[in-house]
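Visitor: Structure below; questions to follow.
The values are calculated or read from the model by the stated rules, or taken from the named source; none is laboratory data. This one's a predicted model, so the numbers in the text were calculated from it and none came from an experiment. Positions of Cβ are generated from backbone atoms using ideal geometry, with glycine treated the same way; all protein chains shown enter the neighbour counts. Note: areas computed on protein heavy atoms with side chains; ligands, DNA, RNA excluded. Shrake-Rupley method; radii C 1.70, N 1.55, O 1.52, S 1.80 Å.
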Amino acid sequence: MEKAKKIGILTSGGDCAGLNAVIRAVVNAASLRGWTVYGIRNGTDGLTESPREYEILTVENFSDTPWPRLSGSYLGSLNKGVKMESLAEMSRRFGEGVKELGLDAVIVVGGDGSMNITGNYCKGAGIKMIGIPKTIDNDTPITEFSVGFNSACQVCTTAIDSLELTARSHHRALICEVMGRDAGHLAMQSALAGQADVCLVPEIPYKIDNVIKKLKEIKASGRSHAVIVVSEGIKTEDGQHLSAAKNLIGEAVYGGVGQYLSAEINKRYGDFQTRVTTLGHVQRSGVPSSFDRLLAAMFGAEAVDLLARGESNKMVVWKDGKISAVSIEEVVKKGTTLLDVHSDYVKAARAIGMYVGEID
Ligand code: F6P
């Protein structure tokens, strides 16, 4: 008979829609095997800080509550908030927490950064770990989709649709700044779905004069409104990142490039009034889409199955229409996955007349 296991689950990094569906899937799949699931609070903090913060999760926790259908994280999360103790010290504390709770393994729901950090903690402390990819940025390597991206895309697409309607009434060029950090997946896919006129992403250089050229073409065609989607991570024309603040580990928190673009367009061209909408954190809390819930169910089930088969140090992925798993080392080695400038998304955007910058 299979030995009953005690496993931990934690959500790490920026939250997104679908996390609770992942937790539910893991709890159900593990409980059906007779395992006990410890829900670790606030990312790795629940294990590294004293007193440890956790809750034993049961099927009942989720069967009779709306949680699995809601965004946010039932367990709480931690985004780039780890105090910079040495890796060895954090790994030691993490290991102590795991030992204190008597866990056989930990499931980490996170992006590439979390896979790197917790992967190192687990390696250092000899702990079994399985990763489940999630991020609205969709920049976790190898998996084609991470939980949360599709729902965030829907939030952005709905916003672009709304902006198009008011742009039409007031004959304006409305700028929509979306998240994504250094990756343009969210901007490009939502701009394409939302039928924007311009989409600027960090991976493709652009010229403001060419944005204006596009606006002039729109005007000449008889249309007097436009929608421009801009990824928060694009640089100014002179190569600067705009940043409003720094996070707890001193990284720039992007934001403000929409206002920069608006001011530059106004300086050089007077035929369209511009206004800026920065979508911000609402992108993380849309209704979990059916695709994200499917991924959540399949990733959660596979993560538990991998542990049951004695595997560890792997991240589940969605690739070529199938669920599989790859080693955490491979994920960390590949690093952040940027938008492929020759992808079908970019090709289609250009083919249907969107200005996306200059690809040589
Ligand atoms: O990584 C997800 C993400 O939402 C990015 O798109 C964004 O730049 C960042 O997190 C915002 O982080 P914070 O929640 O710390 O403001």
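Visitor: Report the residue, chosen from ARG172, ARG181, ARG24, that carries the largest GNM mean-square fluctuation when the chain is represented by alpha-carbon nodes joined by springs under 10 Å.
Guide: Taking springs between Cα atoms under 10 Å, the residue moving most is ARG172.
Visitor: Under 8 Å for C-alpha pairs, at least 6 residues apart: give me the relative contact order for the chain, rounded to a whole percent.
Guide: This gives 22 percent for the chain.
Visitor: Can you give me the angle between helix 149-170 and the longest principal axis of the chain, using Cα atoms only, in degrees from 0 to 90, rounded to the nearest 10?
Guide: Compared with the principal axis, the helix lies near 20 degrees.
Visitor: While we're on this one: Ignoring ligands, DNA and RNA, how do SER324, SER221 rank by accessible area with a 1.4 Å probe, largest first?
Guide: Output order, biggest surface exposure first: SER221, SER324.
Visitor: I've got another one for you. Full extension from SER221 to THR166: what is 0.36 nm times the residue separation minus their Cα-Cα distance, to one decimal in nm?
Guide: Taking 0.36 nm per residue and subtracting the Cα distance, the gain is 17.9 nm.
Visitor: Accessible area of SER162, 1.4 Å probe, to the nearest 10 Å²?
Guide: For SER162, solvent-accessible area is about 60 Å².
Visitor: If you rank ARG41, ARG69 by how much accessible surface each has, with a 1.4 Å probe, what is the order from largest down?
Guide: ARG69, ARG41
Visitor: Identify which of GLU329, GLU232, GLU302 has the largest mean-square fluctuation in a Gaussian network model of the chain, with springs joining Cα atoms closer than 10 Å.
Guide: Most flexible of the set in this elastic network: GLU329.
Visitor: May I ask you to derive the relative contact order of region 108-245, considering only C-alpha pairs under 8 Å and at least 6 residues apart, and to give it as an integer percent?
Guide: 22
Visitor: By the scheme Lys and Arg +1, Asp and Glu -1, what is the net charge of all other residues having a beta-carbon under 14 Å from that of VAL37?
Guide: Local net charge: +2.
Visitor: Considering only DSSP states other than H, G, I, E and B, which GluC sites (Glu not before Pro) in region 27-59 qualify as loop sites with at most 16 other Cβ atoms within 10 Å?
Guide: Passing both the DSSP loop test and the Cβ count: GLU49, GLU53.
Visitor: I need the P(r) histogram for region 60-197: all alpha carbon pairs, bin width 10 Å from 0 out to the longest distance, whole percents.
Guide: P(r) over region 60-197, rounded to whole percents: 10, 29, 28, 19, 9, 3, 0.
Visitor: Specify the angular offset, from 0 to 90 degrees and rounded to the nearest 10, of the alpha carbon long axis of helix 257-268 from the longest principal axis of the alpha carbons in the chain.
Guide: Around 10 degrees separate the two axes.
Visitor: Sorted by mean Cβ packing within 10 Å, highest first, what order do the peptides 242-250, 336-344 take?
Guide: Result, highest mean first: 336-344, 242-250.
Visitor: Probe 1.4 Å, all protein chains in place: accessible area of ASP15 in Å², nearest 10?
Guide: That residue has around 40 Å² of solvent-accessible surface.
Visitor: Quick query: amide H of ALA226 versus all other amide H atoms, modeled in the peptide plane; which residues come in under 5 Å with a sequence gap of 5 or more or a different chain?
Guide: Hits under the 5 Å cutoff: ARG172, ALA173, LEU174.
Visitor: Return the long-range amide H neighbours of GLY286 (sequence gap of 5 or more, or a different chain), with a cut-off of under 5 Å between placed amide H atoms.
Guide: ALA17
Visitor: Can you give me the three principal axis dimensions of region 162-207 from its C-alpha atoms, in Å, biggest first?
Guide: Computed over region 162-207, the largest-to-smallest principal extents equal 33, 22, 15 Å.
Visitor: Carbon and sulfur together cover what percent of the accessible area of region 214-348 at a 1.4 Å probe radius?
Guide: Roughly 52 percent of what the probe reaches on region 214-348 is carbon or sulfur.
Visitor: If you don't mind, there's one more thing I want to ask. Choose one answer from ILE323, ILE40, ILE142: the residue with the largest mean-square fluctuation in a GNM of the chain with alpha-carbon springs under 10 Å.
Guide: In this elastic network of the chain, the residue with the biggest mean-square fluctuation among ILE323, ILE40, ILE142 is ILE323.
Visitor: Explain nothing, just compute: Karplus ³J(HN,Hα) = 6.51 cos²θ - 1.76 cosθ + 1.60, θ = phi - 60°, for every residue of region 191-205 in order, whole Hz, x for Gly and Pro.
Guide: 5, 5, 5, x, 6, 6, 8, 9, 9, 10, 10, x, 7, 10, x
Visitor: In Å, what is the Rg of the alpha-carbon atoms in region 209-337, and how long is Dmax?
Guide: Rg and Dmax of region 209-337, Cα atoms, are 21.7, 65 Å.
Visitor: Residues with amide H under 5 Å of ALA325's amide H, sequence separation 5 or more or different chain, H placed in the peptide plane at 1.01 Å from N; which?
Guide: For ALA325, whose amide H was placed from the backbone, the distant partners under 5 Å are VAL317.
Visitor: Please report the spacing between the Cα centers of region 76-129 and region 1-72 in Å, no decimals.
Guide: Distance between centres, Cα-based: 15 Å.
Visitor: Still on this structure, I have one more. I need the fraction of alpha carbon pairs in the chain separated by more than 26 Å, rounded to a whole percent.
Guide: 51
Visitor: Can you work out ³J(HN,Hα) from phi for every residue in region 353-360, in order, using Karplus 6.51 cos²θ - 1.76 cosθ + 1.60 and θ = phi - 60°, giving whole Hz and x for Gly and Pro?
Guide: x, 7, 7, 10, x, 9, 10, 8
Visitor: In region 78-142, carbon and sulfur make up what percent of the accessible area (probe 1.4 Å)?
Guide: Ligands and nucleic acids excluded, carbon and sulfur give 52 percent.
Visitor: Using a 1.4 angstrom probe, figure out how much accessible area the chain has per residue, in square angstrom, rounded to the nearest whole.
Guide: About 43 Å² of surface per residue is accessible.
Visitor: Expressed in nm², what is the orientationally averaged projection area of the convex hull enclosing the Cα positions of region 1-126?
Guide: Its Cα hull, projected and averaged over all orientations, spans 7.5 nm².
Visitor: Next question. Using a 7 Å offset from Cα along Cα-Cβ at ASP360, what residues in region 189-230 end up with backbone N under 13 Å from the label point?
Guide: In region 189-230, the label zone of ASP360 (backbone N under 13 Å from the point 7 Å along Cα→Cβ) covers 205-206.
Visitor: Could you run the Karplus curve 6.51 cos²θ - 1.76 cosθ + 1.60 with θ = phi - 60° over region 119-127 and give me ³J(HN,Hα) per residue in whole Hz, x for Gly and Pro?
Guide: Karplus values, whole Hz, x for Gly and Pro: x, 5, 4, 5, 4, x, 9, x, 10.
Visitor: What value, in deg cm²/dmol to 500, does the helix sum -39500 (n - 2.57) over DSSP H runs of n ≥ 4 give at 222 nm once divided by the residues of the chain?
Guide: -12000 deg cm²/dmol
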